[in-house]
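Okay, so here's the structure we're looking at.
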Amino acid sequence: MKRQKVYIITGLSGSGKSTAIQAFEDASFYCVDNMPMALVPKFLELPLKESREIKGIAFVMDMRSKTFVQEYAPGIGAIEDLGVLPQIIFLEAGKDILVKRFSQTRRHHPLSRGTSLVESIESEIETMAPVKLTAHHVIDTSNYNVHELKSRILDLISRGRKRSKIMKLNVESFGFKYGIPNEADLVIDVRFLANPYFIPELKNQDGESEEVKDFVLSNPDTKDFLERYTGLLDYLIPLYRNENKAYLTIAVGCTGGRHRSVAIARSIFEHLNKKGLSPGIIHRDIDRDVKEK
């Protein structure tokens, strides 16, 4: 069996395991939540056919499974018998922080059986102590927000190597009369530019045609705008990436989404592509006026 990178994420309830598994997903790991320890060795023997891009497997397991602590040591032994050495990440937080988090989410603690929340937390801390002793990494999340914890996990996965912060960029043109795209993060309105729609020989073409692009992009106002806006994007995109944002959609709108927005979106796409950012491009409404006539 091919050796795989395997991480087991465990720890106290409310300590941030859901955020940790999201970081593993962002790093192209195959992730399984609440997997019974006894089933992990059998799972690891299955071939993963999803993608060659999968970098490993991450399991979240904790006291939601009532037999977790009892099955933990034998389960780790069975995994190691397969030639796999799992890395154990144990998340914890201060008792007061855990109480606050549970109070905010209104979730039930998995050990609450007629006991108070504080008593349930104290019981879990005591019960999980032997598991904590086996962990390769113990992370106290008391002072982390979601973004900081994700970043810590991604740094841990990369083991000190410079990690690429994955964020999928998309540039999307649209027409305001059909509504702003729901997925838009940044919206720019280019209706201030001269409209090719009112030029008879350009009206029936779209913003991907050379004639329309020349008309739009040769405008001095367009050149000034693109220089300023692409400069802003060059500043903003690394900041969004540092926040571990998975997707960033830059939406460019004109009236109908056929001429100006298409030409400008293409220009922004080409700028980002030259920066090595590999964006996608979508012209949502490029043919909509034509099809609805």
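Each Lys and Arg Cβ is given +1 and each Asp and Glu Cβ -1; about its Cα centre, the range 6-158 then shows a dipole of about 380 debye. Pairs exceeding a 28 Å alpha-carbon distance, out of K5/K132; K66/K95; K55/K100; K95/K245; K55/K245: K55/K100; K95/K245.
Restricting the range 130-160 to trypsin sites (Lys or Arg not before Pro) that sit in a DSSP loop and have at most 11 other Cβ atoms within 10 Å of their own Cβ leaves R159. In summary, the aspartates and glutamates within cross-link reach of K177, defined as a Cα separation below 14 angstrom excluding same-chain residues under 8 places away, comprise D189, D285, D287, D289, E292. In loop segments of the range 164-227 as defined by DSSP, the trypsin sites (Lys or Arg not before Pro) with at most 12 further C-beta atoms inside 10 Å of their C-beta are R191. Spin-label model, Q70 to N219: label points 7 Å out along the Cα-to-beta-carbon direction sit 7.3 nm apart. Between the labelled values (i) 1.14; (ii) 1.07; (iii) 1.03, the entry that holds Rg/Rh (Cα atoms, Kirkwood Rh) as derived from this structure is (i). Could you compute the FRET efficiency for E119 and A246, with r as their C-beta to C-beta distance and R0 at 41 Å, rounded to 0.05? It comes out at approximately 0.60. For the range 209-267, the set of GluC sites (Glu not before Pro) satisfying both a DSSP loop assignment and a count of at most 16 other C-beta atoms within 10 Å is given as E243. Sequence-distant contacts, meaning Cα pairs under 8 Å at least 6 residues apart, place the relative contact order of the chain at 20 percent.
Where a number appears in this text, it was derived from the coordinates with a stated rule and is not lab data. Owing to the predicted nature of the structure, the values given are computational and were not obtained by experimental measurement. Reconstructed Cβ throughout: ideal geometry from the backbone, glycine too, with neighbour counts over all protein chains shown.
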